[in-house]
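Have a look at the structure below before the remarks.
The values are calculated or read from the model by the stated rules, or taken from the named source; none is laboratory data. Since this is a predicted model, take the numbers as computed values, not measurements. We place every Cβ from the backbone using ideal geometry, glycine too, and count neighbours over all the protein chains shown. Areas reflect the complete protein model, heavy atoms only, side chains present, ligands, DNA and RNA absent. Shrake-Rupley method; radii C 1.70, N 1.55, O 1.52, S 1.80 Å.
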Amino acid sequence: DVTVQCLADVPAMTNLNYTDNCDPAGSVAGVDGALVGGACGGTITRTWTYTDACGNTATATQTITVNDNTDPTASNPADINVECAADVPAPDVTVVTDEADNCTANPVVAFVSDVSDNNTCPETITRTYSVTDDCGNTINVTQNIIIQDVTDPVLDPAPADVTVQCLADVPAMTNLNYTDNCDPA
């Protein structure tokens, strides 16, 4: 009996030799039964049967268990650095590019969650994606998104310098407008 991970790993059929007290020795081909239970935990019964000229029968069987219990593989996507929370990109499963599996040609990549560390300047968001094969074996990969505003705000020019005679002549304070890449003006 043998256990394999994938249907593609089922060993090739072999002929079995036989001997008989009356018939000449020879070989017989086996026959595979149907896969019972599916590719993620099933069995195939391989049977060899020889019947001699007098109707005496000999049978040999092999049980082939197919059980994919190997997780897929993938690397963590590259980290992303942005300045503003508004610049954080939407989840994109195509950033997971090197997923592979022993049995599944194309494991499924799905977005799982975004979790913030709740800090500011910088804030780190850990984005998680899952990679799952056809048998439900799964792993998670993570991507860090670092939000760090390093651009100074820009103030409108200050009013021109003035010289006054008396303290009472000092002009009233004015507000200056500003712009910032992340904060509203």
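Just one of the listed residues (Cys135, Cys121, Cys166) is closer than 30 Å to Asn76 by Cβ, modelled with pLDDT under 95 and either touching a Cys at 6+ places or on another chain (Cβ under 7 Å) or not hydroxyl-bearing (Ser, Thr, Tyr) (or both), and it is Cys121.
Evaluating Thr14 against the criteria (1) within 30 Å of Asp133 (Cβ to Cβ); (2) within 34 Å of the chain's Cα centre (by Cα) leaves one unmet condition, (2).
Residues that are part of a loop (DSSP other than H, G, I, E, B) and either in contact with a Phe, Trp or Tyr (Cβ under 9 Å, 6 or more places away or on another chain) or within 22 Å of Asn69 (Cα to Cα) (or both) within the range 141-162 comprise Pro153, Asp156, listed in sequence order. In the set Thr59, Thr3, Thr43, Thr19, only one residue is touching a residue at least 40 places away in the same chain (Cβ under 8 Å) and either within 27 Å of Cys135 (Cα to Cα) or exposed (fewer than 11 other Cβ atoms within 10 Å of the Cβ) (or both); that residue is Thr3. Hey, can you tell me all the residues within the range 108-140 that are part of a loop (DSSP other than H, G, I, E, B), open to solvent by 30 Å² or more (accessible area, probe 1.4 Å) and under 30 Å from Gly37 (Cα atoms)? Across the range 108-140, the qualifying residues are Asp134, Cys135, Gly136.
Counted as qualifying within the range 1-88 are the strands (runs of 3 or more DSSP E) with 1 or more residues that are closer than 30 Å to Asn140 by Cα, namely 2-4, 42-51, 57-66, 80-82.
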